[in-house]
Amino acid sequence: MSNVYKYGDNVDTDVIIPARYLNSPDHAELAKHCMEDIDADFAKKVRPGDIIVAEANFGCGSSREHAPISIMACGVKCVIAKSFARIFYRNSINIGFPIMECPQAVDGISAGDNVSVDFTTGVIKNETTGKTFKAEPFPEFINNIIEKGGLLNSIKAKEGTQ
């Protein structure tokens, strides 16, 4: 089970990882500053396997991959939102970070709830309330990218099998 951190609409990439930290290529350093402009203690509180739940348009703003990288580097298991900015959505898949769109789950999950997710089936269960929600699971080829740790790794794995 995973603890939930919940945020509102239009959480942009500048809030996810402030621009003043983008000069660091170190993922661990980025993780230390993840979400600090919206939740100053997030990086100190978050534990591996925790989940971010957000309203609509999560990850809007710039096209930087640093945003999903910083979230993943914090140990966050996934982000569940009503919708994602398209570039954040694609960047997440490219780095192998799972995201799920499920408005009903967002409405039925509160900060601090414990949640489990099954990426293969799209089932999201709020263990705190017992309610279950269904997101559309990724197609097999996208699951493969996520399971291999990102687009480049999945291409390398594919090339190695030929």
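The values are calculated or read from the model by the stated rules, or taken from the named source; none is laboratory data. Since this is a predicted model, take the numbers as computed values, not measurements. Positions of Cβ are generated from backbone atoms using ideal geometry, with glycine treated the same way; all protein chains shown enter the neighbour counts.
Within the range 111-138, the set of residues being in contact (Cβ under 8 Å) with a residue 60 or more places away in the chain, crowded, with 16+ Cβ neighbours inside 10 Å and closer than 20 Å to LYS82 by Cβ comprises ASP113, VAL115, VAL117. One residue alone among ILE16, ILE51 is closer than 14 Å to LYS6 by Cα and touching a helix residue (DSSP H, G or I) at 6+ places or on another chain (Cβ under 6 Å), and that residue is ILE16.
Does SER110 satisfy the criteria of being of a type outside the set (A, V, I, L, M, F, W, C) and under 10 Å from the mean Cα position of the chain (by Cα)? Criteria not met by SER110. Within the range 17-43, the residues that satisfy the criterion of being within 15 Å of GLU65 (Cα to Cα) and among the acidic types (Asp, Glu) are ASP26, GLU29. Among the residues making up the range 35-54, those that are part of a loop (DSSP other than H, G, I, E, B) and closer than 11 Å to GLY75 by Cα are VAL46, ARG47, PRO48, GLY49, ASP50.
When the range 9-24 is limited to residues that are under 15 Å from PHE42 (Cβ atoms), part of a loop (DSSP other than H, G, I, E, B) and out of contact with any strand residue (DSSP E or B) (no Cβ under 7 Å at 6 or more places or on another chain), the one that is modelled with the lowest pLDDT turns out to be PRO18. If the condition is being in contact with a Phe, Trp or Tyr (Cβ under 7 Å, 6 or more places away or on another chain) and assigned to a helix (DSSP H, G or I), then the range 56-70 contributes ALA67, PRO68.
For the range 135-150: of the residues being under 17 Å from LYS77 (Cα atoms) and not in a helix (DSSP H, G or I), which is modelled with the highest pLDDT?
The initial filter retains those residues of the range 135-150 that are under 17 Å from LYS77 (Cα atoms), namely 135, 137-138, 142-150.
Narrowing the set further to residues that are not in a helix (DSSP H, G or I) leaves 135, 137-138, 148-150.
Details: ALA135: 97, PRO137: 93, PHE138: 91, LYS148: 91, GLY149: 90, GLY150: 91.
Filtering first and then ranking leaves ALA135.
Condition check: buried (at least 19 other Cβ atoms within 10 Å of the Cβ), closer than 23 Å to GLY122 by Cα and modelled with pLDDT of 95 or more. Does MET35 satisfy that?
It is false that MET35 is buried (at least 19 other Cβ atoms within 10 Å of the Cβ), closer than 23 Å to GLY122 by Cα and modelled with pLDDT of 95 or more.
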